[in-house]
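In what follows, a structure is listed as structure tokens, so that the remarks can point back to it.
We did not get these values from a lab; they are worked out from the coordinates using the rules stated. Note that the structure is predicted; figures quoted are calculated from it, not measured. Positions of Cβ are generated from backbone atoms using ideal geometry, with glycine treated the same way; all protein chains shown enter the neighbour counts.
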């Protein structure tokens, strides 16, 4: 039964990235100015719109990579850095007059910790990395 814990943990941790990027892409494709709206959302959080394609790429590739279990260690560290950056963005916005974003700061900080743990202890269950060994 223990061999199923790692893939379940990977899927649960990657869900926030992969599912959210699917929603972002759906919104971009279904709304006339979807990409501009996404850039505006990033701008409202204090990030320039140039981060939009980078954010989409990291979430899509990183989320999918964790789900299938490919290059888990590096993917976990990249997503941990991405999550940490977002936690800082939410913290600065919370101090900047949006205290409701403090919970988002804590959530992304928690995800960062889980991803660091996954990077230190990569796959022992079902994953492409484990099958390659």
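A few comments on the model shown:
- Distribution of pairwise C-alpha distances over the chain, 5 Å bins, in %: 2, 11, 18, 21, 18, 14, 9, 5, 2, 0, 0
- Between helix 51-68 and the chain there is an angle of about 20 degrees, using the helix long axis and the longest principal axis of the Cα atoms.
- Estimated inter-spin distance, residue 109 and residue 8, nm [label 7 Å along Cα→Cβ]: 2.8
- C-alpha long axis of helix 34-44 to longest principal axis of the chain, angle in °: 80
- Rounded to 10°, Cα long-axis angle of helix 102-120 versus longest principal axis of the chain: 30
- Computed over the chain, relative contact order equals 31 percent, with contacts defined as Cα pairs under 8 Å that lie 6+ residues apart.
- Sorted by Cβ density within 10 Å, fewest first, the residues 45, 10: 45, 10
- The value of relative contact order for region 50-118, using C-alpha pairs under 8 Å at least six residues apart, is 31 percent.
- Once the chain from residue 16 to residue 41 is taken as fully extended at 0.36 nm per residue, the excess over their C-alpha distance is 7.2 nm.
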